[in-house]
Amino acid sequence: MRKLAAVRSELKTWTDLSSNVASTVELFALAVEEGDESLGEQLATDLAKFSKSVESLEFELQLSGEYDSRSAILYVKQGAGGVDAQDWAEILVRMYTRWAERRGFHAEVLDQTPGDEAGIKSATIKIDGKYAYGYLRSERGVHRLVRLSPFDADHRRHTSFALVEVLPEADETEQVKINPDDLRVDVFRASGNGGQNVQKNSTAIRVTHLPTNIVVAVQNERSQAQNREVAMRILLSRLVDLDMQQKAEERAALKGEHVSAEFGRQVRSYVQHPYQMVKDHRTDFQTGDAQAVLDGDLDDILKSYLSSQVESASASSEVGAN
């Protein structure tokens, strides 16, 4: 039923757009015939807006992966760089949250561990919206920041790193199942904010999936049951992502392709000193407005990567056919 509702929604979007364009074209022809320049200018603006909508919809047709239409779970973790890296991890969470707001998506912090002096050590955020995972899967990897450190008394230039993992939200229909016998569940007292109930009682949950050694810890919610529910959702998403990676490696092995370790690669650099630039190292896409990107203006970067993936897949298919 969810798939049917999604298809109906997509069909309605295209049919409504087609109807609006047809009506605008007819009115435009009438405006030209009657010499109504003011109406013609307004309709020309409307057609430009429709063209932009069509471009966006055509791009979304490229997001045809099994999980692309789902919501996304992002895990952001500090890397090398001390306090600057913790601050950088928090800046990235803010960037993705603002990107979600720009697109009308909903962003929710599922879990967060505060930093020692500033920023955060790690955070897990869920972004609800159509094609959220399809867009954000390009963010997986190491992100690098170069800036004058606000935490350095001498205001020297520092380089900080943060790791971003992106998971598709899992649901109860997944082929990947969790055997309760494969889990070790530990409870402990949460640290940081949360009120007396969180601080005095053992509400935090740590779930370890023994066969894969995947560990998920959640402490944001007020009750142990709520934290357990969130932890199980994240664990299932991690297992789905692991299954996707294993299948990709198997396909690559059959084709004789080399698969590099995604998490070990630096995917993007954000430079704020001595110049302003954001560069994606996989596509060579770059922009001089680093602050706009950090404020959530990510669409051009995301689309450049996803388009390059489509082109790469098409080239591989042609080579295989030959």
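For residues that are in contact (Cβ under 8 Å) with a residue 60 or more places away in the chain and aliphatic (A, V, I, L, M), scanning just segment 121-139, find the one that is nearest to residue 93 (Cα to Cα). Residue satisfying both the conditions and the ranking: 136.
Consider residue 96 carefully, then state whether it is at pLDDT 95 or above and surrounded by 19 or more Cβ atoms within 10 Å (Cβ to Cβ).
Details: at pLDDT 95 or above: yes; surrounded by 19 or more Cβ atoms within 10 Å (Cβ to Cβ): yes.
Yes, satisfied.
For beta carbons closer than 6 Å, sequence separation of 6+ or different chains, a first residue in segment 70-81 that is among the polar types (S, T, N, Q) and a second that is in a strand (DSSP E or B), the qualifying pairs are 71/128; 78/121; 78/162.
Exactly one residue out of 66, 101, 90 is outside the structural domain of residue 293 (by TED's automatic domain parsing), acidic (Asp, Glu) and either closer than 26 Å to residue 300 by Cβ or not in a helix (DSSP H, G or I) (or both): that is 66.
Results for (1) over 25 Å from residue 279 (Cα atoms); (2) hydroxyl-bearing (Ser, Thr, Tyr); (3) in the same structural domain as residue 303 (by TED's automatic domain parsing), shown as yes or no for each residue.
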position	(1), (2), (3)
111	yes, no, yes
114	yes, no, yes
123	no, no, yes
135	no, yes, yes
142	no, no, yes
148	no, no, yes
153	yes, no, yes
162	no, no, yes
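Okay, residues lined up against (1) touching a residue at least 60 places away in the same chain (Cβ under 8 Å); (2) over 16 Å from residue 133 (Cα atoms); (3) not aliphatic (A, V, I, L, M):
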position: 207; (1), (2), (3): no, yes, no
position: 210; (1), (2), (3): no, yes, no
position: 213; (1), (2), (3): no, yes, yes
position: 218; (1), (2), (3): yes, yes, no
position: 221; (1), (2), (3): no, yes, yes
position: 226; (1), (2), (3): no, yes, yes
position: 232; (1), (2), (3): no, yes, no
position: 239; (1), (2), (3): yes, no, no
position: 245; (1), (2), (3): no, no, yes
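On the basis of being modelled with pLDDT of 85 or more, surrounded by fewer than 16 Cβ atoms within 10 Å (Cβ to Cβ), under 25 Å from residue 290 (Cα atoms) and touching a strand residue (DSSP E or B) at 6+ places or on another chain (Cβ under 6 Å), does residue 80 make the cut?
Numbers: modelled with pLDDT of 85 or more: yes; surrounded by fewer than 16 Cβ atoms within 10 Å (Cβ to Cβ): yes; under 25 Å from residue 290 (Cα atoms): yes; touching a strand residue (DSSP E or B) at 6+ places or on another chain (Cβ under 6 Å): yes.
Here the answer is yes, as residue 80 does meet what is asked.
Whether any residue in segment 35-51 is closer than 29 Å to residue 244 by Cβ, in contact with a helix residue (DSSP H, G or I) (Cβ under 9 Å, 6 or more places away or on another chain), at pLDDT 80 or above and not assigned by TED's automatic domain parsing to the domain that holds residue 311 is what I want to check. Break it down into steps so the answer makes sense when it comes.
Of segment 35-51, the ones closer than 29 Å to residue 244 by Cβ are none.
Checking segment 35-51: not a single residue is closer than 29 Å to residue 244 by Cβ, in contact with a helix residue (DSSP H, G or I) (Cβ under 9 Å, 6 or more places away or on another chain), at pLDDT 80 or above and not assigned by TED's automatic domain parsing to the domain that holds residue 311.
For segment 174-190, state whether one or more residues are of a type in the set (A, V, I, L, M), modelled with pLDDT of 85 or more and under 26 Å from the mean Cα position of the chain (by Cα). The answer is yes; a qualifying residue exists. Residue 45 meets the stated requirement of being over 17 Å from residue 298 (Cβ atoms) and either surrounded by fewer than 20 Cβ atoms within 10 Å (Cβ to Cβ) or not basic (Lys, Arg) (or both).
Pairs are defined by a Cβ separation below 8 Å, a sequence spacing of at least 6 or placement on different chains, a first member in segment 3-28 that is surrounded by 12 or more Cβ atoms within 10 Å (Cβ to Cβ), and a second member that is small (Gly, Ala, Ser); the pairs so defined are 6/69; 17/53; 28/40; 28/44.
The values are calculated or read from the model by the stated rules, or taken from the named source; none is laboratory data. Predicted model only: the values in this text are computed from it and were never measured. All Cβ positions, even for glycine, are placed from backbone atoms using ideal geometry, and neighbour counts span all protein chains on display.
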